[in-house]
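The values are calculated or read from the model by the stated rules, or taken from the named source; none is laboratory data. Fair warning: this is a prediction, and the values are worked out from it, not measured in the lab. Note: ideal-geometry Cβ built from the backbone for every residue, glycine included; neighbour counts use all protein chains shown. Side chains included, ligands, DNA and RNA excluded: accessible areas come from the protein's heavy atoms. Shrake-Rupley method; radii C 1.70, N 1.55, O 1.52, S 1.80 Å.
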Amino acid sequence: MTQSAAAQKPPATPRRLDPEDAQTALAEVQERLRRQQLVADLVHRQEEGDAKGPLVEDLVHRQHEAELKTLLDGLHPADIAFILESLPKDERQAIWKLVSPEHDADVLLEVEDWVRESLIEAMDRQDLVAATGNMDADELADLAPDLPPDVVAEVQKGLTEEERAQLLEAMGYPEDSVGAIMDFEMVRVREDVTLEVVLRYLRRLHELPDHTDQIFVVDRQDKLQGILPLSRLLVSEPETEVRAVMNSDFLALNPLDSDADAAGAFERYDLVSAPVMDDQGRLIGRVTIADVVDVMREDSQEQALSRAGLQEEDIFAPVATALRNRAPWLLFNLCTAATASFVASQFEGTVSQIVILAFLMSIVAGIGGNSGNQTMTLIIRALAMGRITGRNLWQLVKRELFVTLLVGLCGSLVAALFAWAISHSVSIALVMMAAMICNMLVGASVGVLVPMVRARFGKDPAMGSSVLLTFATDSLGFFIFLGLATVFLL
């Protein structure tokens, strides 16, 4: 490039990372929608009965739509997805109609499943075929469960034999497996060619597949022989053969491996990509860091919801849908709370004679629950990371109980001083201290046992864990505190 040509090249305009950009765009979209509705209502009231009223309203509506479309066209598909997830269904559909067709595919891949379903429902068959027609096989496999069968069949007609086989293969793997998230785009070379040949081959490509940090070395049967890092390709002599510089010690995944296990391997070994091999050692795909980040985010969201006994739902879903999602565990929680109240009612005589106990017993239950929550969070995380085995389980249980005992001794001293300060009774302070230590040990035990038992039977260890923990620490906390008070204070 000549100096004059370089001088005419426009300056680079890098985008700065700002988490508030998407929120700012959302606020602007909401404000424009609000103004559009206000103007429409005003025109409708003022021009009621006037023949020009509908024309004025339509003109204002078109103007606002044009402003919204201009705003959306300047956003990244991920930001558009965030906006759609943050709007009620009617507004979401209105904004979705204004999104440029060239962004439809990217937005559908970015949005959460519960939003994607409503967006696909709003699209006609022709638009769906156009949006999904240029997708890669692995991307189409992600959307296929949400697409109408006739649309999937129509899109398959436009695929090559290889792409159709890849699509069917990807759709055949379990949802939470490596095969379901693997990518089929990758660069392969033979081990008996020189690096100069590899470089010439790469130059003929329009661009490298995303997150390409290594080239896969295969034989004529597509069996993986090794990997060639791009960094080594660039610094080695061009006359060198691939077999001389390739790395034969590498991590490979199986398509039936858990995607959570793959995410753990990426985190542990600082991987950018990893090959996927079948049982015969043939290279069938790869997993990239982009896929792994999505898995980690989804697992984190599911775990947070599971602890409260919830499943993923549209925050603007109909009331009936929300009730079906939330009611079961809330009703169970009601039963557990009633049980705790029943336990407390059995000590009515004790509480009526020493009224101060009614104010102190909630502290015992609350501290036990918090202590158990700490233990439970550590156990659930360790289970997710695969760090708990049959060999270290008992050691972990003893450690957690010992730590809880030490923390309980320190905390119970403070609680005992508080109980003495408001009751002026050393006996009540000692009962408070003993009850708190016992209930914290109960919380720690439940915090270990609930996730472990659920995991042992193949269930989500986080599902409803906080509800079960609250049941145990409330019921047993009241029983221990009021029981000790009955024995030693009356």
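Worth pointing out:
- Check on Glu163, surrounded by fewer than 18 Cβ atoms within 10 Å (Cβ to Cβ) and under 17 Å from Met186 (Cβ atoms): yes
- Single match in Ala421, Ala462, Ala455 (criterion: farther than 16 Å from Val364 by Cα, among the aliphatic types (A, V, I, L, M) and outside any helix (DSSP H, G or I)): Ala462
- Test result for Gly447, over 31 Å from the mean Cα position of the chain (by Cα) and open to solvent by less than 30 Å² (accessible area, probe 1.4 Å): no
- Helices (runs of 4 or more DSSP H) wholly inside the range 198-312 that include at least 1 residues being under 26 Å from Glu169 (Cβ atoms): 259-269, 289-307
- Matching entry among Glu348, Glu313, Glu302 (being charged (D, E, K, R) and modelled with pLDDT of 85 or more): Glu348
- Helices (runs of 4 or more DSSP H) (entirely within the range 51-164) containing at least 1 residues that are under 30 Å from Pro255 (Cα atoms) and in contact (Cβ under 8 Å) with a residue 12 or more places away in the chain: 77-85, 101-110, 113-121, 125-132, 137-143, 149-157
- Restricting the range 268-299 to residues that are within 16 Å of the chain's Cα centre (by Cα) and of a type in the set (Asp, Glu), the residue that is modelled with the highest pLDDT: Asp291
- Leading residue by the ranking (farthest from Gly366 (Cα to Cα)) among those in the range 426-444 that are open to solvent by 40 Å² or more (accessible area, probe 1.4 Å) and of a type outside the set (Gly, Ala, Ser): Val426
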